[in-house]
Amino acid sequence: MIPTRFHLSCALAAVLCACFAAGCIETDRPRTAQQGKPTAAPVPSQRLAQANQQEQTAPDAAAQPEDSAAGQQSATQPVGEPDTAPPQPDEPDMPLPDDSAQPEGEGTQPSTGAAEPAPTNVPPSPDGTEPSLDADQAEQGQPAGGEAKHALPGQAQDTDFAELLQAVSEGGLIWNQWAGTSMRNNTPITGPLPQEWTTGIDKRTQQWDRSKAKNIKWVARLGSQSYGNPVIADGKVFVGTNNGAGWLSRYPATVDLGCLLCFSEADGTFLWQHSSEKLPTGRVHDWPLQGICCAPLVEGKRAWFVSSRGHVICLDTEGFHDGTNDGPFQEEPVVASDEADVIWSFDMMAELQVSQHNMCSCSVTSAGDLLFVCTSNGVDESHVTIPSPHAPSFMAMDKNTGRVLWTDNTPGRNILHGQWSSPAYAVLGGVPQVIFGGGDGWLYSFRAEGTPDGKAELLWKFDCNPKEAKYSVDSRSTRNHIIGTPVVYDGLVYVAVGEDPEHGQGNGHLWCIDPTKRGDVSSELAFSLEDPETPLPPRRIQNVIPENKEVARPNPNSACVWHYVGFDADGNGNVEGFEEEMHRTCGTVCIKDDILVIPDFNGLIHCLNAKTGEGYWTHDLLAECWSSPLIADGKIYIGDAEGRVTVFALSKEKNLLAENDMGNAVYTTPVVANGVLYVANKTHLFAIQEPDGTAQP
């Protein structure tokens with residue numbers, strides 16, 4: 001076992017500590033309140049015993065209609081073969097009780113009428129003018145002339161990833177969202193890329209010396225901690241960070257903010273910044289120094305992202321460089337060339353009663369006019385109570401107006417900690433599906449457009465933990481939630497489980513799922529021997545308690561294609577030892593030519609067959625890994641918390657090509673656009689390209 005080296009911060013979507021819904025300052029208003037010094041409330045250790053007692057004595061909720069799944073694991077389990085920055089304050093180690101089983105059927109929420117408020121705004125017309133609104137349309141945030149349209153792309157067939165990538169390439173070689181497309185597989189089409197480089201950053205002064213750099217096109221200063229993955233589109237690079245760089249004169253670097261920065265793709269020139277002031281409730285909802293932890297979505301001249309304050313925001317990618325204040329939102333505190341131009345803003349905490357846990361972080365995606373968002377609703381600072389169990393976990397919005405179209409709160413009282421995963425979208429089995437990773441450890445698929453009356457339509461759900469797995473807020477926990485992003489590849493869905501890195505190392509699971517089945521498609525179902533015909537409903541802490549005469553059985557409706565917990569690398573007949581086991585992960589799989597790569601939080605890289613789950617090789621980075629892989633130019637790029645980017649050949653045999661020192665921790669994922677490799681460490685964004693490098697289709 002390698003020792004852990006905890007960096008108290010959040011990565012990709014993993015953010016730390018506790019939450020309680022309260023009043024918020026308007027996102028784009030000047031700072032009006034100083035952040036206090038909140039502390040996490042201690043929780044009596046007796047609560048764990050109380051939790052167990054509650055879980056054993058809680059009355060069963062109405063049983064769900066179950067039509068579920070295949071077998072248990074050994075190492076890889078094919079379907080049909082079932083087996084049974086600056087240091088920050090530490091979180092206390094807190095046990096938590098089960099908040100009773102979540103009844104089926106409480107999750108979907110209607111999203112029409114006054115119950116689902118929307119920004120009172122409307123996007124400009126294609127000719128650049130802003131249409132007038134009548135009173136009703138203004139109230140609903142719809143364009144004049146009738147109902148807002150929520151069209152999906154006209155796809156009759158399943159989404160083909162190769163065709164999608166080619167379309168992205170031919171459309172301008174952009175990488176306009178987390179992992180490049182809504183299928184979330186970070187494998188761009190590109191020409192030759194460097195496998196070695198030298199940053200040229202002076203470790204003492206933190207200044208860039210071009211003469212000492214190798215294969216570095218340009219460098220841009222970020223904050224003191226950076227977790228938002230870079231996005232490249234519209235000739236610009238967008239990245240989330242904190243305010244450590246102090247780009248705006250009205251906000252010196254000593255002011256803690258969440259910042260979305262925009263730079264010129266050509267030379268790294270700073271263009272503008274969107275600033276999210278810290279919530280007055282402090283780290284309960286808005287952990288210090290974390291900044292913006294997600295990646296934006298960019299389409300045309302519009303960018304959408306989720307702020308650290310729990311706002312879904314649409315921006316003009318030009319900022320105020322175009323000389324106009326676009327959109328119905330006209331309340332920017334400063335109109336200047338280095339400030340962001342807001343089109344609309346929707347406050348999830350105020351409007352939907354979401355209580356984000358430590359941070360709101362979701363890298364949104366879209367389909368047609370639909371924008372898909374995970375709300376980050378979670379537990380409070382005690383880690384015991386979900387303050388807003390009825391608030392949505394997932395939702396779809398009209399990306400043009402910010403109007404909420406449908407919501408779902410199925411995780412409800414079974415949320416384990418936070419909800420920081422990001423959605424994926426694809427047409428699968430002829431059905432447009434949006435797939436969300438839940439804070440209860442379940443993966444959910446919904447019909448993307450919802451129902452005609454504005455409700456969520458659940459297609460299938462999958463429990464990503466064995467039924468006997470048990471949750472606790474530490475490394476002893478064997479039950480995890482989902483922090484990484486589901487990935488769609490060749491008609492299948494891939495996802496791994498993880499936990500807030502602050503809660504330590506632990507066991508992990510990686511799943512391959514068939515998305516064409518319906519209902520509960522988990523690999524197992526839970527039963528009481530007292531009623532062996534009726535599946536038990538989901539619970540928060542433990543779904544099967546053996547001492548209560550409960551058992552897990554293979555699900556005949558399982559969508560599990562395979563289940564990976566490690567592989568027998570030494571051929572001794574057992575999966576055992578650090579380098580053979582899958583551990584918790586914050587990461588997202590990456591797949592090319594049926595070769596799947598994923599790092600776990602312990603720093604072990606796993607390479608396996610995407611179709612069968614057969615293990616090929618593992619590699620110990622000797623450092624924690626918070627990021628996800630990039631596969632491009634026949635190579636695998638992975639960053640780690642010790643500040644290296646390690647490069648491998650894409651192969652069934654391990655072939656380490658290079659290790660590159662980035663100077664400090666790399667919590668983000670490398671990306672490629674227009675023949676340039678982008679890597680962000682905590683403090684700088686690097687555009688990496690050989691001097692004669694050119695964009696290649």
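Here Lys236, Lys203, Lys214 are screened, and the one residue that is open to solvent by less than 30 Å² (accessible area, probe 1.4 Å) and among the basic types (Lys, Arg) is Lys236.
Residue check: is Ser363 of a type in the set (Gly, Ala, Ser) and in a loop (DSSP other than H, G, I, E, B)? For Ser363, the condition - of a type in the set (Gly, Ala, Ser) and in a loop (DSSP other than H, G, I, E, B) - is met. With respect to Glu468, is the statement that it is open to solvent by 10 Å² or more (accessible area, probe 1.4 Å) and either farther than 19 Å from Val427 by Cβ or part of a strand (DSSP E or B) (or both) true? It is true that Glu468 is open to solvent by 10 Å² or more (accessible area, probe 1.4 Å) and either farther than 19 Å from Val427 by Cβ or part of a strand (DSSP E or B) (or both). The conditions of being closer than 27 Å to Lys682 by Cβ, touching a strand residue (DSSP E or B) at 6+ places or on another chain (Cβ under 8 Å) and of a type outside the set (D, E, K, R) are met by His583. Scanning region 270-283 for residues that are out of contact with any Leu (no Cβ under 9 Å at 6 or more places or on another chain) and either hydroxyl-bearing (Ser, Thr, Tyr) or surrounded by fewer than 21 Cβ atoms within 10 Å (Cβ to Cβ) (or both) turns up Pro280, Thr281, Gly282. Screening region 522-545 for residues that are more than 19 Å from Asn480 (Cα to Cα) and in contact with an Asp or Glu (Cβ under 8 Å, 6 or more places away or on another chain) and picking the one that is surrounded by the fewest Cβ atoms within 10 Å (Cβ to Cβ) gives Leu529.
Taking (1) over 30 Å from Ile688 (Cβ atoms); (2) under 26 Å from the mean Cα position of the chain (by Cα); (3) open to solvent by less than 20 Å² (accessible area, probe 1.4 Å); (4) modelled with pLDDT of 95 or more in turn, Ile292 satisfies each apart from (1).
Listed here are the strands (runs of 3 or more DSSP E) enclosed by region 558-662 that have at least 1 residues being over 20 Å from Ala496 (Cβ atoms), of a type in the set (A, V, I, L, M) and in contact with a His (Cβ under 9 Å, 6 or more places away or on another chain): 656-661.
Quick one: would you say Trp511 is more than 24 Å from Asn602 (Cβ to Cβ), part of a strand (DSSP E or B) and within 21 Å of the chain's Cα centre (by Cα)?
Numbers: more than 24 Å from Asn602 (Cβ to Cβ): no; part of a strand (DSSP E or B): yes; within 21 Å of the chain's Cα centre (by Cα): yes.
Here the answer is no, as Trp511 does not meet what is asked.
Applying the selection to region 440-460, what residues are in contact with a Leu (Cβ under 7 Å, 6 or more places away or on another chain), buried (at least 24 other Cβ atoms within 10 Å of the Cβ) and not acidic (Asp, Glu)? Can you show your working first?
To start, the set of residues in region 440-460 that are in contact with a Leu (Cβ under 7 Å, 6 or more places away or on another chain) comprises 440-441, 444-450, 454.
With buried (at least 24 other Cβ atoms within 10 Å of the Cβ) added as a condition, the list becomes 440-441, 444-446, 448.
Residues satisfying the conditions are Gly441, Tyr444, Ser445, Phe446, Ala448.
Per the listing Asp286, Asp267, the residue uniquely among the acidic types (Asp, Glu), buried (at least 20 other Cβ atoms within 10 Å of the Cβ), assigned to a loop (DSSP other than H, G, I, E, B) and out of contact with any helix residue (DSSP H, G or I) (no Cβ under 8 Å at 6 or more places or on another chain) is Asp286.
Residues of region 486-508 that are open to solvent by 10 Å² or more (accessible area, probe 1.4 Å), modelled with pLDDT of 95 or more and not in a strand (DSSP E or B): Asp490, Gly491.
With respect to being at pLDDT 95 or above, surrounded by fewer than 23 Cβ atoms within 10 Å (Cβ to Cβ) and under 18 Å from Glu196 (Cβ atoms), Leu650 fits the description. Quick check, is Val473 touching a helix residue (DSSP H, G or I) at 6+ places or on another chain (Cβ under 7 Å), open to solvent by less than 20 Å² (accessible area, probe 1.4 Å) and either under 18 Å from Arg584 (Cβ atoms) or among the acidic types (Asp, Glu) (or both)? Against the criterion (touching a helix residue (DSSP H, G or I) at 6+ places or on another chain (Cβ under 7 Å), open to solvent by less than 20 Å² (accessible area, probe 1.4 Å) and either under 18 Å from Arg584 (Cβ atoms) or among the acidic types (Asp, Glu) (or both)), Val473 qualifies. Scanning region 548-564 for residues that are within 23 Å of Glu581 (Cβ to Cβ) and surrounded by 24 or more Cβ atoms within 10 Å (Cβ to Cβ) yields Cys560, Trp562, His563, Tyr564.
Residues in region 325-359 that are among the small types (Gly, Ala, Ser), open to solvent by less than 50 Å² (accessible area, probe 1.4 Å) and part of a loop (DSSP other than H, G, I, E, B): Gly327, Ala336, Ala340, Ser355.
Every listed requirement among (1) modelled with pLDDT under 95; (2) closer than 19 Å to Arg184 by Cα; (3) acidic (Asp, Glu) is met by Glu381 save one, (2). Once region 384-435 is narrowed to residues that are under 16 Å from the mean Cα position of the chain (by Cα) and among the hydroxyl-bearing types (Ser, Thr, Tyr), the residue that is surrounded by the most Cβ atoms within 10 Å (Cβ to Cβ) is Ser421. Go through region 584-616 residue by residue and tally those that are open to solvent by 10 Å² or more (accessible area, probe 1.4 Å) and not hydroxyl-bearing (Ser, Thr, Tyr). Total satisfying the criteria: 8.
The values are calculated or read from the model by the stated rules, or taken from the named source; none is laboratory data. Model, not experiment: these values are computed from the prediction. Virtual Cβ from ideal backbone geometry, glycine too; neighbours counted across all protein chains shown. When the accessible area is computed, the model is the full protein with side chains, heavy atoms only, and any ligands, DNA or RNA have been set aside. Shrake-Rupley method; radii C 1.70, N 1.55, O 1.52, S 1.80 Å.
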